[in-house]
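Asker: The structure under discussion is supplied below as structure tokens; questions concerning it will follow.
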Amino acid sequence: MERNNQTVKPGTVYLVGAGPGDPGLITLRGKYLLERAEVLVYDYLASPKLLKHVPASATKIYAGKKGGTKHTHTQEEINQMLVDWALAGKMVVRLKGGDPFIFGRGGEELEELAKAGVPFEVVPGVTSATAAATYAGIPITHRAHTASVSFITGHEEPGKENSNLDWSKLATGAGTLVIYMGIKNLPMIVDNLINNGRDPQTPVAVVRWASTPEQQSVVATLETIVHKVEEAAIKPPALVIVGEVVSLRDRLDWFEKRPLFGKRIIVTRTREQASELVAALEGFGAECLEYSTIQVEPLDSYDILDEELERLNEYHWLLFSSINAVQYFFNRLYARGMDARNLKGPQVAAVGRATADFLLRYGIVADLIPTVYTAEGLAQSLLDFGVEGRNILIPRAVKAREFLPETLRGAGAQVTVVPVYRNVPPPTGKEELRAELGSGQVDMISFTSSSTVTNFLAMIDAPNQEELLRLLKGVKIAAIGPVTAKTITDNGLTVDIIPTEFTIPSMVAAMVAYYEAGGH
Ligand code: SAH
């Protein structure tokens with residue numbers, strides 16, 4: 001049953017904490033509200049990845065507010081916007097980085113709403129102080145080290161009159177100090193702490209973009225941190241953590257130690273299938289840049305398939321060489337008012353485990369999965385079985401390799417190939433992809449089929465081989481299996497990684513092993 005606070009009211013502004021950066025750190029309540037937003041007003045610290053929860057029909061407004069640069073909207077404009085949308089009867093989500101009430105000016109925005117008589121609710125978020133500490137391996141409190149923590153803003157101008165900060169009390173008032181917005185004023189902050197009695201040898205950590213794949217940390221002492229931060233050229237947004245607990249990082253650092261941390265990997269798959277690969281790579285700490293080089297589309301006409309569906313009983317074998325083939329085959333089967341019971345005639349073969357697992361969703365247990373998960377492997381397994389005189393149906397893409405049907409025909413089988421979907425290049429992404437590659441920040445590209453290779457190259461659209469090699473300089477290439485690898489080498493590129501088993505988990509394991517063995 002839904003909890004009773006799972007409701008939304010029109011004409012209300014929901015002030016929602018987005019969490020510190022990792023889009024997984026938003027609350028369930030926050031996500032629920034995003035999914036129902038009619039208007040979204042969001043800041044630069046709120047992860048753009050959260051936008052995927054918001055309905056496509058919602059009005060999305062970027063409110064900017066990047067420290068130190070020109071604000072996209074002034075605070076007054078933002079306040080007015082919230083009031084206007086709410087009075088127009090919209091369900092408005094105001095999404096803010098971290099927690100809205102911790103240095104987030106959430107209080108000020110709500111005061112304006114209250115003044116205008118606009119109803120509001122607030123959803124807390126994981127504030128960046130706890131996130132930075134957690135993801136840097138620094139327990140913010142610890143029985144052996146400290147029993148108190150202070151959250152402080154470092155944004156106040158040095159020497160500001162009527163300052164809210166009393167450094168003489170703050171310097172030694174709490175065991176752990178976490179300073180938000182403290183990078184620009186770091187020298188002043190450090191001086192204030194030391195001059196007011198904090199030991200210059202106190203360990204300090206500065207953590208930038210905490211909880212994201214771009215997280216960067218430096219550790220020093222109060223005496224040396226300014227120099228270290230300059231050396232590492234750390235820019236906002238970053239937090240400064242001061243206190244003995246920082247020394248625990250030596251043993252407890254976990255996030256930045258994951259094997260793919262800091263690696264930027266291009267994932268080329270169809271939009272529908274990217275999630276398994278992306279989830280696995282992100283689980284090891286990689287940053288994935290998803291490019292859908294192929295888009296899968298249904299056909300305009302299913303006349304050919306429809307005829308075959310009427311005579312499924314005449315087939316001895318039904319072969320599936322991809323998840324897409326399974327999906328589109330069953331979509332049509334169901335659309336015709338049929339279901340798995342109509343498949344009791346033929347035996348069913350899947351090219352690999354992922355395809356077989358996918359078949360299970362439709363109530364079919366594959367009768368045959370080859371030991372090698374390729375068309376070649378599948379052909380060999382069927383030949384071992386004996387296919388002479390057998391009727392075989394292969395639903396597949398409009399354009400596909402002829403290897404499987406030809407080999408089976410060569411062994412005396414009657415093979416019928418029927419198109420059930422088609423691959424088309426996606427409409428956009430080329431400029432972005434080129435810019436990404438040109439930046440020199442991409443570590444690896446993963447290819448999960450020959451067509452992703454061909455489409456990727458079509459998408460880059462390099463005028464010549466020299467230009468292609470220049471764009472891919474220093475970028476490692478992973479292929480899911482030998483067929484994909486061959487397409488890569490046929491295009492004059494080098495394959496760095498091929499797994500022993502041709503599945504996504506094995507490919508990911510091979511990528512991890514590559515870096516753990518010291519690959520760059
Ligand atoms: N309401 C926010 C804080 C906004 S003030 C919260 O609860 O986290 C902006 C400051 O927050 C930045 O200057 C930086 O000091 C800190 N900050 C926000 N997100 C951060 C992140 N992912 N990593 C490090 N610091 C972050």
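The values are calculated or read from the model by the stated rules, or taken from the named source; none is laboratory data. On a predicted model such as this, the values are computed, not experimentally measured, just so you know. With ideal geometry, Cβ positions are generated from the backbone for all residues, glycine too; neighbour counts draw on all protein chains shown. The accessibility values were calculated without ligands, DNA or RNA, using every heavy atom of the protein model including side chains. Shrake-Rupley method; radii C 1.70, N 1.55, O 1.52, S 1.80 Å.
Asker: At q = 0.05, 0.11 Å⁻¹, what log₁₀ I(q)/I(0) does a Debye calculation on the Cα points of the chain give, no solvent, two decimals?
Answerer: -0.29, -1.07
Asker: Want the number for Asn464 to Arg105: 0.36 nm per residue separation, take away the alpha-carbon distance, what's left?
Answerer: Residue separation times 0.36 nm, minus the Cα-Cα distance, leaves 124.0 nm.
Asker: Work out the charge dipole of the chain with +1 on the Cβ of Lys and Arg and -1 on the Cβ of Asp and Glu about the Cα centre, then indicate which of Asn79, Ile364, Ile225 is farthest towards its positive end.
Answerer: Asn79
Asker: Restricting to Cα pairs below 8 Å that are 6+ residues apart, what does the relative contact order work out to for the range 335-382? Please round to a whole percent.
Answerer: Once normalised by length, the contact order is 34 percent.
Asker: Expressed as a whole number of Å, what is the distance separating the alpha-carbon centroids of the range 492-520 and the range 183-233?
Answerer: 38
Asker: Counting pairs of alpha carbon atoms under 8 Å apart in space and at least six apart in sequence, what relative contact order in percent does the range 297-423 give?
Answerer: 30
Asker: Another one. Looking at Leu299, Val326, Thr374, which one has the Cα that reaches farthest to the positive end of the dipole of the range 259-413 (charges on Cβ: Lys, Arg +1; Asp, Glu -1)?
Answerer: Thr374
Asker: Quick one: putting +1 on the C-beta of Lys and Arg, -1 on the C-beta of Asp and Glu, what dipole do you get for the range 2-126 around its Cα centre, in Debye to the nearest 20?
Answerer: Approximately 360 debye in magnitude.
Asker: Let me ask another. Determine, at each q value in 0.10 (inverse angstroms), the log₁₀ of I(q)/I(0) that the Debye formula gives when each Cα of the range 171-253 is one equal point scatterer.
Answerer: With no solvent term, the Cα-only Debye profile gives -0.21.
Asker: Then there's this: Once label points are set 7 Å from the Cα along Cα→Cβ at both Asn313 and Ala509, what is their separation, rounded to one decimal in nm?
Answerer: Result for the modelled spin labels: 4.4 nm.
Asker: Related question: Using protein chains only and a probe of 1.4 angstrom, how many square angstrom of Trp317 are accessible, to the nearest 10?
Answerer: Number for this one is 10 Å².
Asker: If you don't mind, another one. With a ≥ b ≥ c taken as the square roots of the eigenvalues of the C-alpha gyration tensor of the range 196-301, please select rounded if a/c is under 1.5 and otherwise prolate if a/b is larger than b/c or oblate if it is not?
Answerer: Details: a/c = 4.53, a/b = 3.15, b/c = 1.44.
Prolate shape, in that a/c is at least 1.5 and a/b is the bigger ratio.
Asker: Considering the options Gly24, Thr7, Leu95, tell which one lies farthest towards the positive end of the dipole of the range 2-126, charges being +1 on Lys and Arg and -1 on Asp and Glu at the Cβ, about the Cα centre.
Answerer: It is Gly24.
Asker: Can you give me the relative contact order of the chain as a percent, contacts being Cα pairs under 8 Å and 6 or more apart?
Answerer: 10
Asker: Could you check what % of the DSSP bridge pairs in the range 2-126 are antiparallel, to the nearest 5?
Answerer: Antiparallel: roughly 5 percent of the beta bridges in the range 2-126.
Asker: Would you kindly state how much longer the chain becomes between Arg401 and Ala232 on full extension, computed as 0.36 nm times their sequence separation minus their alpha carbon distance, in nm to one decimal?
Answerer: Details: separation 169, 0.36 × 169 = 60.84 nm, distance 5.08 nm.
Roughly 55.8 nm would be gained on extension.
Asker: Please give the FRET efficiency for Gln80 paired with Tyr362, using the beta carbon to beta carbon distance and R0 = 51 Å, rounded to the nearest 0.05.
Answerer: 0.45
Asker: As a test, work out the antiparallel percent of DSSP beta bridges whose residues both lie in the range 297-423, rounded to the nearest 5.
Answerer: Values: 2 of 16 bridges.
Approximately 10 percent, going by the DSSP bridge assignments.
Asker: Extending each Cα 7 Å along its Cβ direction at Asp199 and Asp253, get the distance between those two points in nm, one decimal.
Answerer: Distance between label points: 2.2 nm.
Asker: Can you tell me what share of the DSSP beta bridges in the chain is antiparallel? A percent to the nearest 5 is fine.
Answerer: Approximately 30 percent, going by the DSSP bridge assignments.
Asker: Angle between the Cα long axis of helix 274-283 and the longest principal axis of the chain, 0 to 90 degrees, nearest 10?
Answerer: Roughly 40 degrees between the two axes.
Asker: Using the beta-carbon distance between His520 and Val372 and R0 = 51 Å, what value does 1/(1 + (r/R0)^6) give for FRET efficiency, to the nearest 0.05? Display every interim value, and only then the final one.
Answerer: Working: r = 30 Å, r/R0 = 0.60.
Once rounded, the FRET efficiency stands at 0.95.
Asker: Measure nothing fancy, just the Cα-based angle from helix 186-195's long axis to the longest principal axis of the chain, in degrees from 0 to 90, nearest 10.
Answerer: With both axes taken from Cα atoms, the answer is about 50 degrees.
Asker: About the Cα centre, and with charges only on the beta carbon of Lys, Arg (+1) and Asp, Glu (-1), how big is the dipole of the chain? Nearest 20 debye, please.
Answerer: 460
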